[in-house]
Every structure is written in structure tokens, then in C-alpha cells.
Amino acid sequence: MNKIYNILSILLLVLGITFTSQAQTVLLEQDVNADTAIDKFGKNRTSYSASFFDLGFAAGQTIGDSAPSALMGRSWSFKYGYYYKLRVSNFYSILGQLAYKRAAYHYEVKGQIVSQKLIMNNALAEISNRFNFGKRGDFIGYYVELGASADYAFMTKMKTVSETTSDIETHAKEKISFHGLEWLEDIAYNAHARIGFNKFVLFGDYRLTDRLKPDQSHQLPPLTLGIRFDMGA
């Protein structure tokens, strides 16, 4: 009798557990992974922006039959700017850039003239195409970039330093500066090529239009070579 009672008790317990599990109906089901927002801003995501600066040197001489020579080692440019990158695919991105550029061209001088240099401040806007290659993670990676820009020259100056002699002092230096140079073109157009190695970028800038007006005896060197540092890479 006890054995039968034990068997019936076990059967009732199993039936109770089965009924309870079937009665637990899921009223609300939610996939928490679907609510996880994917950040679209990042170095290799949909959009990204960062600042940069670069230093370049004029490669080549001034152009013209009677042109004064620009000193290659001393003719330089400094640029600081900000770019926005939009990724189109893993391979290709398009960029827009705004930058400030300061350029100084030192001329070869003779006689009593000690130094002569042309100084230009420029506001620059550029659009470029970036072609990525190699593996990339949370860093910019390797790329080739081709672009075009327009820059506006302002606060231009030609500074000349020459030696003078007088009864009071011998070999004194006289400094003469001309501001707002009217013989410079206000706007110039440029082409750009760059090879990026994450933070470090090698670049070449080539001016497509004349920087000096047609009535001048020479034109400035069109090619500038240098290195850029990407502060966001």
C-alpha cells in the first residue's frame, strides 16, 4: 500500500511541474542587442574629423627669363587646418578641408641687398579623394590621396633688407617693407597628392595657376614638397 502511495505521489509531482512550466507564457520578448547603437563616428567609420599641420619647402626655381631665384632651402610654407572625412566604402573616402597657410619665399640677392622675401597668408579650401589600402583598425592606416584646392592670399608683404653707409655708423641695415601687394593674384588653384602612413603623410602640392600677375618678370616655384602630421590618427 505504501509503495502504491509513493508512486501516486511521484506522478502527481511530475504532473504539477509539467503544468506549471506550460503555464509560464512569455508576454514580452525584447532583443537587447537591437537597441545597441553603433557609433558611426570614428577613424574608419562613416564619418570622421580631425586637425592637421604640415611643413613644406619649395622644390624648384622661379620661372622667367630674368627671374630672381628663390632659395629652395629657405622658401617654405606652414599649414594648419581641419578636415572632415566621409567614408563611401572600405576602399574609398571623400574629404573636405579648410586651412590657414603661411608661405615665405626668400630670393637670391646681390650687392647691398642682404635679404629679400615675399610673405603670404592664405585661406584655403580643398576637396580630395582618399583611397585606402591594407589592414586598418582604430587608426587611419595607409592611403593615397588626390585633391584640388583654391586659396585666397591676404596680408601679403615684400620685405627687403639692405646695407647702407653713413658718417655715424658703417654697414647699417635698412629694412623696407611693402604691404598689400597689388601684383599678386588674390586666388590661386592647386593640385595635391599625398601618401599617408597613419599619423605621418608625405605630400606634394602643385600650383595650377600663376601666383603673380602677367606683367611680372617671373613666377614663383609651383611645386612644394613636405610632410604632414595628422593629429587625429
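Of all the residues in region 117-152, those that are outside any strand (DSSP E or B) and either under 16 Å from Y84 (Cβ atoms) or among the aromatic types (F, W, Y) (or both) number 2. When E174 is tested against the conditions (1) out of contact with any Lys or Arg (no Cβ under 6 Å at 6 or more places or on another chain); (2) farther than 23 Å from G56 by Cβ; (3) touching a residue at least 24 places away in the same chain (Cβ under 8 Å); (4) part of a strand (DSSP E or B), the lone failure is (3). For region 204-227, name all the residues that are buried (at least 19 other Cβ atoms within 10 Å of the Cβ) and modelled with pLDDT of 95 or more. Once the filter is applied, which keeps residues that are buried (at least 19 other Cβ atoms within 10 Å of the Cβ) and modelled with pLDDT of 95 or more, region 204-227 yields D205, T224, G226. Applying a threshold of 7 Å to beta carbon distances and a minimum spacing of six or more residues, or different chains, the list of pairs starting in region 143-169 at a residue that is closer than 30 Å to F131 by Cα and ending at one that is in a strand (DSSP E or B) and at pLDDT below 90 reads Y143/F133. Taken as a whole, the condition of being surrounded by 11 or more Cβ atoms within 10 Å (Cβ to Cβ), at pLDDT below 90, more than 30 Å from the chain's Cα centre (by Cα) and not aromatic (F, W, Y) does not apply to A233. Of the set (1) surrounded by 14 or more Cβ atoms within 10 Å (Cβ to Cβ); (2) at pLDDT 90 or above, all apply to Y107 but (2). Which members of region 220-233 meet the condition of being over 23 Å from H106 (Cβ atoms) and not in a loop (DSSP other than H, G, I, E, B)? Within region 220-233, F229, D230 qualify.
Do we have any residue at all in region 197-219 that's β-branched (V, I, T), in a loop (DSSP other than H, G, I, E, B), out of contact with any helix residue (DSSP H, G or I) (no Cβ under 7 Å at 6 or more places or on another chain) and under 23 Å from S77 (Cβ atoms)? Yes, region 197-219 has at least one match. When the residues of region 136-165 are filtered to those that are surrounded by fewer than 16 Cβ atoms within 10 Å (Cβ to Cβ) and of a type in the set (F, W, Y), the one that is nearest to G96 (Cα to Cα) is Y152. Going by what's in this entry, would S89 be described as among the small types (G, A, S) and either touching a residue at least 60 places away in the same chain (Cβ under 8 Å) or assigned to a strand (DSSP E or B) (or both)? When the stated conditions are applied, S89 does not pass them.
I'd like the full set of residues that are of a type in the set (F, W, Y), under 25 Å from Q116 (Cβ atoms) and assigned to a strand (DSSP E or B), limited to region 177-196.
We begin by selecting, within region 177-196, every residue of a type in the set (F, W, Y); these are 178, 183, 189.
Next, only the ones that are under 25 Å from Q116 (Cβ atoms) stay: 178, 183.
Result: F178, single match.
The values are calculated or read from the model by the stated rules, or taken from the named source; none is laboratory data. Please read these numbers as outputs of a predicted model, since none were measured by experiment. Quick reminder, even Gly has a Cβ in these numbers, built from the backbone with ideal geometry, and neighbours come from all protein chains shown.
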